[in-house]
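Everything on this sheet refers to the single structure shown next.
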Amino acid sequence: LLYRDKKNGTYSLGPKMIAYGMAAIGQQDLITKATPYLQELNQATNLTALLAVWTNDGPVIASISSANIGLNIGAQIGTRLPILSSSGKVFSTFQTPLSLSEWKDHELKSLSPKQIENLQKEENKIRKTYISFAKEPLVSYVSSASAPLFNYNKELVGCLTIVGFSENVPQRLEDEHSKTLLKLAKEISGLFGFKEFV
């Protein structure tokens, strides 16, 4: 239920609390429907596949599929994702402004003017391509790519992410892993009635 940080002794919500919270706010249906796609994405790319969802505190990891059980990429259920992660960029781009503003304002305070300018450029590109990339945003040598998951109303319901060692993670739309990520994000969104992906 609780996770204790060994370094500074603080506590945060553990995986079970996150699972209970997701069920309580109606995200469990998304997790259930997305799980087979996470497994397929993991098998197709040999990268860890994550499902991130929106909470009052910003985006968090709600589900993980990884074949490399012994490999800890620094992600676990309940991990809050920063704005410069590929998932964070997707939420920054597509989440409704009303629920986004407090988290985004807080995140932008820690960025330089140049980082904010680059983020705005990336958001414009993400709106057109439906894919986001981040090179080593949290941990050295670990990068990610993410795609949004929408419902019938083009409301963001989650984010599908692949993460792994930087040399294995795509950083361009043309890469095969990028195409696989987008294809599966489109299929999951289709389960919720969204049909407008490129």
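Cα to Cα, under 16 Å, and not fewer than 8 places away if on the same chain: which aspartates and glutamates meet these conditions relative to residue 33?
Residue 33 reaches 187.
If a/c stays under 1.5 just call it rounded; otherwise compare a/b with b/c (prolate if a/b is bigger, oblate if not). Do that for the stretch 97-198, with a ≥ b ≥ c from the square roots of the Cα gyration tensor eigenvalues. Show your work: numbers first, answer last.
On the way: a/c = 1.98, a/b = 1.15, b/c = 1.72.
Judged from the Cα gyration tensor, the stretch 97-198 comes out oblate (a/c at least 1.5, b/c at or above a/b).
Can you work out the FRET efficiency for the pair residue 127 and residue 6, with r the C-beta to C-beta distance and R0 = 41 Å, to the nearest 0.05?
Working: r = 40 Å, r/R0 = 0.98.
It comes out at approximately 0.55.
Per the Cauchy relation, a quarter of the hull surface: what is the mean projected area of the convex hull of the alpha carbons in the stretch 36-147, in nm²?
7.2 nm²
Rounded to the nearest 10 Å², what accessible area does residue 142 have for a 1.4 Å probe in the complete protein model?
Only protein atoms counted, so the area is about 20 Å².
Going through the cross-link list 128/183; 89/195; 121/154; 135/195; 109/154, which pairs have a Cα-Cα distance over 18 Å in this structure?
89/195; 121/154; 135/195; 109/154
Can you give the accessible area per residue of the stretch 64-198, in Å², using a 1.4 Å probe?
That works out to 53 Å² per residue.
What residue among 194, 113, 173 has its Cα farthest toward the positive end of the dipole of the stretch 63-198, where the charges are +1 on Lys, Arg and -1 on Asp, Glu, each on the Cβ?
The listed residue farthest towards the positive side: 194.
Can you tell me which of 183-196, 85-98 comes out highest on packing, and rank the rest after it, using the mean Cβ neighbours within 10 Å?
With the highest mean Cβ count within 10 Å placed first, the list reads 85-98, 183-196.
The values are calculated or read from the model by the stated rules, or taken from the named source; none is laboratory data. As the structure is a prediction and not an experimental result, all values here were calculated from the model. Virtual Cβ from ideal backbone geometry, glycine too; neighbours counted across all protein chains shown. Just so you know, the surface numbers come from the protein's heavy atoms only, side chains and all, with ligands and any DNA or RNA stripped out. Shrake-Rupley method; radii C 1.70, N 1.55, O 1.52, S 1.80 Å.
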